[in-house]
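**Q** Let me give you the structure first, and then I'll get to my questions.
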Amino acid sequence: GGADPSVAFDRNGNAYFVSLETTVRTRSLWVRRSTDGGAAWTRGNTPIADTAHFPDKPHLAIDLSRDTMYTAWVMIDNDAIAEPTDVQIFFSRVSTAGWDLRWSAPVCISDTMSGTTCQGPNLAIAPNRTLYAVWASYDPTGSSAEDAISFSRSTNGGVTWSPERRIIGVQGIRAFNP
């Protein structure tokens, strides 16, 4: 099955779709492309090939000025229950110039500030081509409710990232669970 979809479009109107795909044995991210307005989808490649982790909550963005597709996702270590800070945001990029999706090696863009854990990344590209990533952060030793929005940015297409910093405190949706 699939979950957590995200869609983005390149300069030629091609649609790209990333989702979490699960089987009895594996969880992975797969990117698909449609060149005909969504009538058919071609399965591409996965930005990760890692059996020691579980990917979750992928998000896509395409920088039209660089013909580059970006994805960020939550990476959960197999021992995340024992070590809840082993839930981080990872990032990878690939050219949209061809359908030979050779993703860059995934890099961690969250840096476990003070033992926090992360969830729900979103990417955005500014007119000056700066790439921004935001996500929910929380202290897993507390209520597990999101308590901040964290942020990082890249000015070179995702090659390097600024240190993570919290930009605003929040009371996340999990704080309202009875």
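The values are calculated or read from the model by the stated rules, or taken from the named source; none is laboratory data. All values derive from a computational prediction rather than experimental measurement. Ideal geometry is used to build each Cβ from the backbone, glycine not excepted, and the neighbour counts take in all protein chains shown. In case anyone asks, the SASA skips ligands and DNA or RNA and just uses the protein heavy atoms, side chains included. Shrake-Rupley method; radii C 1.70, N 1.55, O 1.52, S 1.80 Å.
**Q** What net charge is computed for the residues neighbouring Ser34, neighbours being all others with C-beta under 14 Å from the C-beta of Ser34, Lys and Arg scored +1, Asp and Glu -1?
**A** On the way: positive: Arg32, Arg33, Arg43; negative: Asp10, Asp36.
Taking every Cβ under 14 Å from that of Ser34, the sum is +1.
**Q** Would you mind counting up the charge near Arg66? Only other residues with Cβ under 10 Å from its Cβ, with Lys and Arg at +1 and Asp and Glu at -1.
**A** 0
**Q** If you rank Thr160, Thr46 by how much accessible surface each has, with a 1.4 Å probe, what is the order from largest down?
**A** Thr160, Thr46
**Q** What's the local net charge at Pro163, with K and R +1, D and E -1, over the other residues with C-beta under 14 Å away?
**A** Net charge around Pro163: +1.
**Q** Just to verify a number: what accessible area does Ser65 come out at with the full protein assembly present, 1.4 Å probe, Å² rounded to tens?
**A** 70
**Q** Stretch Ala97-Asn122 to full length: gain in nm at 0.36 nm per residue minus the Cα-Cα span? Write out the running numbers ahead of the final one.
**A** On the way: separation 25, 0.36 × 25 = 9.00 nm, distance 2.30 nm.
Net length gain for the segment: 6.7 nm.
**Q** Report Asp36's accessible area, 1.4 Å probe, all protein chains in place, as a number in Å² to the nearest 10.
**A** 80
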